[in-house]
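Shown next, in structure tokens, is the structure this report addresses.
The values are calculated or read from the model by the stated rules, or taken from the named source; none is laboratory data. From a predicted model like this one, the values you see are computed outputs, not experimental measurements. Glycine gets a Cβ as well: all are built from the backbone with ideal geometry, and neighbour counts include every protein chain shown. Just the protein is used for accessible areas: all its heavy atoms, side chains included, with ligands, DNA and RNA removed. Shrake-Rupley method; radii C 1.70, N 1.55, O 1.52, S 1.80 Å.
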Amino acid sequence: MTVIEPHEVVSCLDQDKAAADGQAIVQLMFIDADLMPVGTGRPRFHEVTYPDRSLFNSIAALHRGLAHGEDDLDLESSLIRLLTVLLARHADAPGAASPTLRPRALRQVREMLHSQLNSNIKLDDLAAIAGCSKRHLIRSFRQAYGVPPHHYRTLLRLARAKSMLAAGRSVAETAAELGYCDQSQLNRHFRREFGMSAGGYARTVR
């Protein structure tokens with residue numbers, strides 16, 4: 001994994017060129033400053049490359065999610081989680097943490113998640129309601145409700161999906177009504193939380 005600091009020249013490393021017979025495909029992420037920790041300075045990376053297989057795999061999975069059109073809120077939240085891991089493991093990250101948000105701001109965010117289950121909400125939308133950075137929102141929301149906003153919304157969707165499937169709705173209808181891009185995305189979330197597909201759950205409750 002290669003980390004390029006602001007204003008540094010981006011170029012393919014010699015070992016990457018050799019591994020690809022002189023031709024390499026490089027996937028880049030340009031990180032929004034709003035995602036960085038609050039403080040007077042910015043994190044500093046003292047190396048160019050870091051041999052961190054688990055973080056590399058997680059970043060590759062995020063690229064696949066982007067390519068497959070996964071939900072924006074999930075993708076943005078995954079990016080912030082990976083950035084937090086990157087900074088904790090490999091950077092000097094100055095600056096003190098911000099205080100948690102006021103309960104009213106968090107309630108407004110939660111109400112939006114409840115009222116727009118079928119919408120492709122973005123972290124920018126939620127942060128605008130709360131009046132803070134995206135990173136600050138995720139941290140404060142987790143402290144207040146036990147999970148970050150994207151996971152909270154997933155749990156809300158899956159609770160509604162279970163009710164719909166138990167009432168006889170098809171997996172495809174349920175996925176479409178709850179804002180999933182297709183039923184395979186609903187199945188992935190179902191398996192992650194309950195260890196079975198949505199169709200498998202439907203068969204057990206009907």
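Here are the numbers:
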| quantity | calculated |
| --- | --- |
| Chain lengthening between Asp124 and Ser58 when straightened (0.36 nm per residue, less Cα-Cα) | 21.5 nm |
| Total charge dipole magnitude, segment 148-187, about the Cα centre, Cβ charges on Lys, Arg, Asp, Glu only, Debye to nearest 20 | 180 debye |
| Protection-proxy order for peptides 49-59, 162-172, each taking the mean of Cβ atoms within 10 Å per residue, highest first | 162-172, 49-59 |
| From the C-alpha gyration tensor of segment 103-177, square roots of 5λ in Å | 27, 12, 9 |
| Distance between modelled label sites at Arg203 and Val48, nm, 7 Å Cα→Cβ extension | 5.4 nm |
| Burial ranking of peptide ranges 117-126, 76-85 (average Cβ count within 10 Å, highest at the top) | 76-85, 117-126 |
| Segment 49-206: C-alpha gyration tensor shape, a/c 1.5 cut-off, then a/b vs b/c | oblate |
| Ordering of 130-138, 104-112 by burial proxy (mean other Cβ atoms within 10 Å per residue, highest first) | 130-138, 104-112 |
| Magnitude of the charge dipole, segment 53-182, Cβ model with Lys/Arg +1 and Asp/Glu -1, debye to 20 | 540 debye |
| Segment 98-206 - accessible surface per residue (Å², probe 1.4 Å) | 51 Å² |
| Karplus-derived HN-Hα couplings along segment 108-113 (A = 6.51, B = -1.76, C = 1.60, θ = phi - 60°), whole Hz, x at Gly and Pro | 5, 5, 4, 4, 5, 4 |
